[in-house]
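K.L.:
I have a structure here, written as C-alpha cells, and I will follow up with some questions on it.
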Amino acid sequence: MTAYCTPQDLIDRFGQAEVAQLAPALLGQVDTARVQRACDDAGDIVDGYLRPRYTLPLSVVPRLLVKLSAAIARHELHLGGDRQPTDQVLRDRDQAIAFLKDVAGGKADLGIDASGAEPAEDSTGVRFKPGGTGLLEGDLAHYRWGGPL
C-alpha cells in the first residue's frame with residue numbers, strides 16, 4: 001500500500017477548515033488517522049491504475065501523482081454519514097481517475113520510466129540554458145531565402 005499524499009498535502013491543497021470539517025477531532029483539529037486512511041485508500045486506487053505500467057512502489061513520486069491522489073482522498077473524505085461530495089469534488093475525482101486511466105492505457109505519462117524512476121538525461125537532445133539571449137538577426141542570415149549558403 002502506497003500513500004501518494006499525506007494529511008498535510010490535503011490541508012495545504014484544500015485548507016485546514018475543510019479537512020477539519022470532513023475529519024473532525026477536538027477543538028477544530030483534524031483527525032489525522034481518518035485523513036491518513038483516506039490517503040491510503042486513494043493510494044490503493046492509484047496503484048490499481050499504475051500497476052500495469054510501472055514497478056511499484058515508485059522510487060520517485062511525481063507532483064502530479066500527489067495532486068491526483070489528493071483529489072481522490074478528498075472525495076473519500078466526503079463519503080459517509082450525511083455528507084455528499086460537491087460537484088467540484090466529484091469533478092476533480094473524475095478527472096483524476098480519467099487521467100489515471102489514460103496512464104494505464106499508455107495515452108498519458110507521469111514523466112517516469114517503467115521502474116518508477118525519473119528517466120536518465122538524454123545527451124543527444126536539444127538543450128536550453130536559462131537566461132540565454134535566444135537567436136539574433138545574424139544567426140538567421142544563412143537560412144533566409146536568397147542569403148548566402
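K.L.:
Could you say whether any residue in the stretch 69-77 is at pLDDT 95 or above, surrounded by 10 or more Cβ atoms within 10 Å (Cβ to Cβ) and more than 16 Å from the chain's Cα centre (by Cα)?
P.N.:
Yes, the stretch 69-77 contains a residue that is at pLDDT 95 or above, surrounded by 10 or more Cβ atoms within 10 Å (Cβ to Cβ) and more than 16 Å from the chain's Cα centre (by Cα).
K.L.:
Something else: Among the numbered conditions (1) among the polar types (S, T, N, Q); (2) more than 18 Å from residue 22 (Cα to Cα); (3) part of a helix (DSSP H, G or I), tell me where residue 69 comes up short.
P.N.:
(2)
K.L.:
Among 17, 42, which is in a helix (DSSP H, G or I), at pLDDT below 95 and not charged (D, E, K, R)?
P.N.:
The unique qualifying residue is 17.
K.L.:
Does at least one position in the stretch 24-32 carry a residue that is in contact (Cβ under 8 Å) with a residue 40 or more places away in the chain and either closer than 12 Å to residue 77 by Cβ or not in a loop (DSSP other than H, G, I, E, B) (or both)?
P.N.:
Scanning the stretch 24-32 turns up no residue that is in contact (Cβ under 8 Å) with a residue 40 or more places away in the chain and either closer than 12 Å to residue 77 by Cβ or not in a loop (DSSP other than H, G, I, E, B) (or both).
K.L.:
Going by what's in this entry, would residue 111 be described as touching a Ser or Thr at 6+ places or on another chain (Cβ under 6 Å) and within 21 Å of residue 49 (Cα to Cα)? Steps first, answer last, please.
P.N.:
On the way: touching a Ser or Thr at 6+ places or on another chain (Cβ under 6 Å): no; within 21 Å of residue 49 (Cα to Cα): yes.
It is false that residue 111 is touching a Ser or Thr at 6+ places or on another chain (Cβ under 6 Å) and within 21 Å of residue 49 (Cα to Cα).
K.L.:
While we're here: Filter the stretch 78-93 for residues that are in contact with a Leu (Cβ under 8 Å, 6 or more places away or on another chain) and either surrounded by fewer than 16 Cβ atoms within 10 Å (Cβ to Cβ) or closer than 23 Å to residue 109 by Cα (or both) and give the result.
P.N.:
Listed by number, the list holds a single entry, 83.
K.L.:
Something else: Please go through the stretch 72-82 and give me each residue that is in a helix (DSSP H, G or I) and charged (D, E, K, R), ordered by number.
P.N.:
Matches in the stretch 72-82: 74, 76.
K.L.:
Here is a follow-up. For the stretch 48-63, what are the residues that are of a type outside the set (Gly, Ala, Ser), surrounded by fewer than 17 Cβ atoms within 10 Å (Cβ to Cβ) and assigned to a helix (DSSP H, G or I)?
P.N.:
Once the filter is applied, which keeps residues that are of a type outside the set (Gly, Ala, Ser), surrounded by fewer than 17 Cβ atoms within 10 Å (Cβ to Cβ) and assigned to a helix (DSSP H, G or I), the stretch 48-63 yields only 63.
K.L.:
Here is a further query. Test residue 96 against the criterion of being surrounded by 16 or more Cβ atoms within 10 Å (Cβ to Cβ), modelled with pLDDT of 95 or more and in contact with an Asp or Glu (Cβ under 6 Å, 6 or more places away or on another chain), and give yes or no. Explain how you work it out, then say what you get.
P.N.:
Numbers: surrounded by 16 or more Cβ atoms within 10 Å (Cβ to Cβ): yes; modelled with pLDDT of 95 or more: yes; in contact with an Asp or Glu (Cβ under 6 Å, 6 or more places away or on another chain): no.
Answer is no for this residue.
K.L.:
I need every pair where a residue in the stretch 63-82 that is touching a residue at least 24 places away in the same chain (Cβ under 8 Å) and under 14 Å from residue 99 (Cα atoms) has its Cβ under 7 Å from the Cβ of a residue that is surrounded by fewer than 23 Cβ atoms within 10 Å (Cβ to Cβ) and among the β-branched types (Val, Ile, Thr), sequence separation at least 6 or different chains.
P.N.:
Between residues of the stretch 63-82 that are touching a residue at least 24 places away in the same chain (Cβ under 8 Å) and under 14 Å from residue 99 (Cα atoms) and residues that are surrounded by fewer than 23 Cβ atoms within 10 Å (Cβ to Cβ) and among the β-branched types (Val, Ile, Thr), the close pairs are 72/45.
K.L.:
Considering only the stretch 83-115, state which residues are assigned to a loop (DSSP other than H, G, I, E, B) and without any contact (Cβ under 8 Å) to a residue 12 or more places away in the chain. Steps first, please.
P.N.:
Our first condition is that a residue be assigned to a loop (DSSP other than H, G, I, E, B); within the stretch 83-115, this holds for 83-86, 105-115.
Within the stretch 83-115, 84, 85, 86, 105, 107, 108, 109, 113 meet the criteria.
The values are calculated or read from the model by the stated rules, or taken from the named source; none is laboratory data. Note that the coordinates shown come from a computational prediction; the quantities given were computed from them, not determined experimentally. Note that each Cβ is placed from the backbone with ideal geometry, even for glycine, and that neighbours are counted across all protein chains shown.
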